[in-house]
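Structure first, then comments.
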Amino acid sequence: LDEGAEGAAVAADERTDVAGSLAKAIMHGNVAQVRQAARAWASSALRDGDAAAAEALSLCLEMGGMPSGMLGKEDLEIHPSDFIARVTDIIRERQPNIAHYPFHPSARHGRRTIAHFERFFAEGFGALDALEALDSGVPARLAHWLQYLSGTGIRSMRHSSTLGALAVVQAMGVHLQQLRKVRETLERQAELAEGRSDKQEIQLQQQLELVSGNAYSVVRLRAEVLDAVIPPRSRDVSEVIRVHTLGLLDRIIRTDVELHLQNKWTVRVFLMIHDPAVEVRLKAISIIHQWYAGFAKRSEKVQEHLGNFAQRCLSHLVERIGDVDSRVAAAAIRCLSLPSLADRLEEKEVSDIADLCIGSNDPTIREEAGSFANAHIFQDPGICVTVAVPRRGRRSAETENKDSRSGTAEPFGPDGQQGIAEMLDSKTSILMLTEYLLDYFGDRLRISDRVVGAFWRRAPVLSNWSFMVKHFLFGECSVPDSVRPPSPRDRLVIAFVLEAAVRFALDDLRAATPDLHGIGGDAAAAAAAEAKLESACEQVLTEIPAMMEVCRGEEQQLLLVSHICNILVEHAVERPGLVGRLEAATLCRALKRGLEESSLLATMKYVSGAMLALGRFSDEAKTVFFDIAKDLHGKCCEALTKESLARDVEGARLVLCRFVAMSNRGLDVSFGRADMIQRMADLLNDRVSWAKEVRPGDATSDELPMPPDGVTDARIALLLLEGCALASMWQIRMAMTTAAASRDDAASELQACRTALPSIVGTLRDIALRLVEHDLDPHVRFYAYSCYMSMLELAVGYSDRLSLDATAAGGAACSRWGG
């Protein structure tokens, strides 16, 4: 008994050494060491198949976190289920760390270990021919055991066994391909030898039967393993196992056309696009993408099978464009962009994908939807340019010179035809983009910048400023009669596109510029963005007066053009090289006309900002801006009366909008006059008095009651509140300027302003408080509350040298805190 126990211990130690050397080569070795270990294992399989099978099974268990040498040759005589029953006791006794096994995703070099593990079986079985592998019995032993081990309740063992079983199937697939080639060769030889020699014909027939039998054995073994492993493991609770199962199934199908033609395996992949795990869905969609990407290169049988399959299952793939994970949705759109699938989409499905170009919140999905639209909605060749990147290295100078000599670098020649072709291409691209926006997003042009962002990186026409401006002005220039001039709706779309493109160019520059600490930034990207903006300043700003003239009467177009002008002017004034190229006089006249004719507050804000930026280097711009402010001051004084308000409410609103816009952008339009603030306060007091008289039942109706003539409505009240706050803040700023000087040096007018300031702030706070209490409109109450809190903060903590709190005597004196 002692001798038997000692022999068993020695055998166990030998098994541990052998299995440990294989595991060491796979986990820590390189490709050459793995190949060497696999060939040594193949040699041992020729001598003793059961021992080699036991070594491979022990390796699978060790890759699953089990102790080394756990399974020996003698264990192959028992049933796998009996061995699995003993595993729990072995784990309890030896306590291996099965939570972090070599194949675990968090394990160090986990992917490399899996690759070496698969390479081990590929090299091992590759060192044997099909007959040797089948005669050794190793594939059958491994297939039988791994089917059971892959279904165990221990996740790590299930993972490694699944990979082992599918690695065996993949390795035997190489032998199957060789056997099929040999069988085809023997069949052709048998046909040629027919009727010549009976002996040769019999010999060929015997060899053919042997090869066919071996091929059938391999096919049966592979089918048995696949049927036993793939369906349950594709529904495994572990997403890691599901991902690896799906990936190995794809490799197996890719190398065997017969499996590709079986619906049960293609259906299995399609079903996985509904998997709860994101990585599994991504893997399934990538496999489907690979199937249909090379559709034209596949055999007729495979094309027919994939075509019929796509007709039935395409709706499942279309559902993934609305996936909760943006990566899955983008991959689904990328897959549906393939011609072999896109041609089978219905019109509604195409419209749903195109709608994501503006309807999705994720920029990646919008870019993929834009690529789909470029490929299947726009006319060929679309508006995007695809840059082919070489796989390895860069093109040599000799290749580039060769292309130049052959005409590739300059396809239109040096005689000017290239510029004509580029112009025609830009015109076609702009027209296609305009039609696309009008057809699919005509009622959502306000967010059309999403579409521009989807094409920004790949559509050169979006930075062709000159052509977009010419297209915007097309109807006002001399053009061929054969070309249709743009309609106002077309001009609006071009304005949206141009404004969004300028903003994206500015965003690119900001993203590529280092921060204040010199961190981050991309010099090349910054230079490219700077060049785009410089080109925009040269080609767009010079045409702004003409564009604003075309936009007269079109408020939306004028708003967009004024925003473009504001962005480019503010950019240009910071670059000395661009400032000298601006025609400040012409631009100021156009901006002044735009400010006077506009009825939108945003347009006034952008025009005022552009004029203020021009005033930083142009004395004429300063003079024009100051003249506009003085004229506006007089108009405000006339409009801030009950009679003017009752006579022309819209005119008063426009004047107040200009007052607010210019006061916000850098100039006190009240010119320090307290009587203007008092007029605004009187109008707000009238609204408070009217609100107090309204019956409670009127205020609870669906529509708020309209104030009588001479009483401000909600729109005017909001502008009056903001105007009072802005004028007060400008006067506070002036008061602080005089407070910094000595009393003797202070001008009498500014001193009077400073003395009256606490009373003004107190009056404004009182009015805001009463509006919060009595006004019927929630917007007015909210803005009045915001105004009250701002004035309160200024009164309490603006400065320790100036008090904004009214005195008990009415605030006639201004006290200095802190001496």
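The values are calculated or read from the model by the stated rules, or taken from the named source; none is laboratory data. Bear in mind that the values here come from a model prediction, so they are computed numbers and not experimental data. Neighbour counts are summed over all protein chains in view; Cβ atoms, including those assigned to glycine, are modelled from backbone coordinates with ideal geometry. The area values use the complete protein model at the heavy-atom level, side chains included, leaving out ligands, DNA and RNA. Shrake-Rupley method; radii C 1.70, N 1.55, O 1.52, S 1.80 Å.
Phi angles of the range 135-140 translate, via the Karplus equation with coefficients 6.51, -1.76, 1.60 and θ = phi - 60°, into HN-Hα couplings of 5, 5, x, 5, x, 5 Hz per residue; Gly and Pro are given as x. Gain on full extension, evaluated as 0.36 nm per residue between LEU131 and SER466 minus their Cα-Cα distance, stands at 113.3 nm.
Near GLY359: Cβ cut-off under 14 Å, other residues only, Lys/Arg at +1 and Asp/Glu at -1. The net charge is -3. Surface composition of the range 17-162: carbon and sulfur make up 49 percent of the accessible area, probe 1.4 Å.
Highest-first packing order for the peptide set 437-444, 663-670 is 663-670, 437-444, based on the mean count of other beta carbon atoms within 10 Å. Here the range 447-600 was treated as a single set of alpha-carbon atoms; its pair distances binned every 10 Å from 0 give 10, 38, 35, 14, 2, 0 percent.
Measuring only protein heavy atoms, the 1.4 Å probe finds LYS24 accessible over about 140 Å².
Phi-derived couplings, Karplus 6.51 cos²θ - 1.76 cosθ + 1.60 at θ = phi - 60°, listed residue by residue for the range 264-272: 5, 8, 5, 5, 4, 5, 5, 5, 6 Hz, with x used for Gly and Pro. Protein heavy-atom surface of the range 196-355, 1.4 angstrom probe: 50% of the accessible area is carbon and sulfur, with nucleic acids and ligands not counted. For the range 567-671, carbon and sulfur atoms together expose 51% of the accessible surface, with a 1.4 angstrom probe and every protein chain in place. Pairs LYS283/LYS348; LYS470/LYS592; LYS301/LYS427: which are spaced more than 32 Å apart, C-alpha to C-alpha? Check vs 32 Å cut-off fails for LYS301/LYS427.
VAL87 sits among other residues whose Cβ lies under 15 Å from its own Cβ, and their net charge, with Lys and Arg +1 and Asp and Glu -1, is 0. Rounded to the nearest whole Hz, the Karplus-based 3J(HN,Hα) values (6.51 cos²θ - 1.76 cosθ + 1.60, θ = phi - 60°) of the range 221-236 follow the sequence 5, 5, 5, 5, 5, 4, 5, 8, 9, 4, x, x, 6, 6, 10, 5, with x at glycine and proline.
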